[in-house]
1. Compute the signed sum of charges (Lys and Arg +1, Asp and Glu -1) over the other residues within less than 13 Å, Cβ to Cβ, of I351.
2. State the percent of C-alpha pairs, over all pairs in region 81-182, separated by a distance greater than 20 angstrom.
3. For I144, what residues show an amide H to amide H distance below 5 Å, using hydrogens built from the backbone and excluding near sequence neighbours?
4. Can you give me the long-range amide H partners of I92? Hydrogens built in the peptide plane at 1.01 Å from N, cutoff under 5 Å, separation of 5 or more residues or another chain.
5. Out of residues 5 or more away from N234 or on other chains, whose amide H comes under 5 Å of its own, with H placed 1.01 Å from N in the peptide plane?
6. Sequence neighbours fewer than 8 away in the same chain don't count; with that in mind, list the lysines whose C-alpha is under 21 Å from K295.
7. Diagonalise the Cα gyration tensor of region 15-60 and give the resulting equivalent ellipsoid semi-axes, square root of 5 times each eigenvalue, largest first, whole Å.
8. With labels modelled as points extended 7 Å from the Cα through the Cβ direction, what inter-label distance (nm, one decimal) is found for E233 paired with M1?
Amino acid sequence: MKKKILISTGGSGGHVIPAITIHDHLKNDYDVAISTDLRGFKYLNNENYKTFLIDTPRLNRLILIPFSILVIFFLTIKSLLLFKREKINILISTGGYMSLPLCLAAKILKIKIFLLEPNMIIGRANKFFLNFCEKIICYDNNIINFPKKFTNKSIVLTPLLRKKYYERNNNLKIDKKFTVIVIGGSQGAKIFDELLHKTFIKISKIRPLKVIHQTNEANINTLKNLYLKNKVENIVFEFDQNLYRLLSQADLCITRAGASSLAEIACLNLPFIAIPLPTSKDNHQFQNAKYYENKNCCWIIDQNNFNQLKLEDLLLDILKNSDDFIKKKNNLENLNYKNTWNSVNQNLLKIINEN
């Protein structure tokens, strides 16, 4: 009989996508299920995944501390019952506040806990449970704020990507027109909707552009009409399960800096301009982008000093200075050429099986 693994996730796509990827890596060797909150369900196809609901609220939104403790207490009891009923052997947590009751329950039942930290700064929930976990999987050796006494628990793994992102040869760019894709992440990016289209329209008067622009549903028609009115070839969309196909048609990406998003963009050898979310916990999005900037794979714009003129100047420089653009693309290729689904699969199974 296969051992049973529960993957704890929820909230944003940055947590759920790695959980889906882990599930797909382990499903042939283990009986795998996913626990998520209500927000995380929109990223999951329940026909493909066995799922459970543990809807942990955002703790910083619970004003009364005693009430917060009470909520966590009842969710921990619910998690304990889930572990016992489903006879779970291993818990894998992708981090975040959603993992708190599940990790507490796993600790009480002495169930093995594995943590995933895709960001360049260790998350607070992961840091709290370092003392109780078997291993923590990271994407780099130099995670900021990582306690030195737990270094022996850290294992570096190539970023976890959905299988379709490795199929590079099937998604070659066809359009010769320089194409920019804008993605705001699963949480959206209001500033992208308000400013970027003005820059694209202005630059398109100098050099023809194609724009692929992710936005919220209410803004789709407005953006489409603006681009059409100014004769800018465009694709405007909200959420797309096949985002990798759109990314594969682009020359340049403008994006937030969630760890999963950057790993997928980098895997496609797509140079990008990162505009990190300044309110991200412990400014982790900036550090995620800084990792790639240090390898000369991207550009970073600080949102607090962001304006239309700066973006225009940067885009025009990218369009004119092809040497820098090509160098960044080559650096991404060098970063990813050993990254394959099979190699990650073997390494992940080895981590779980050895502990």
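1. Summing Lys/Arg as +1 and Asp/Glu as -1 gives +1.
2. The share of Cα pairs beyond 20 Å in region 81-182 comes to 51 percent.
3. HN-HN under 5 Å from I144: I121, I122.
4. Sorted by chain and number, the residues that satisfy this are L6, I7, S8, F114.
5. Those lying under 5 Å, H to H, from N234 are V211.
6. Counting by Cα, and skipping residues close in sequence, K295 has these lysines nearby: K327, K328, K329, K338.
7. 21, 10, 10
8. 5.8
No value in this document is a laboratory result; all are computed from the given coordinates. Bear in mind that the values here come from a model prediction, so they are computed numbers and not experimental data. Neighbour counts are summed over all protein chains in view; Cβ atoms, including those assigned to glycine, are modelled from backbone coordinates with ideal geometry.
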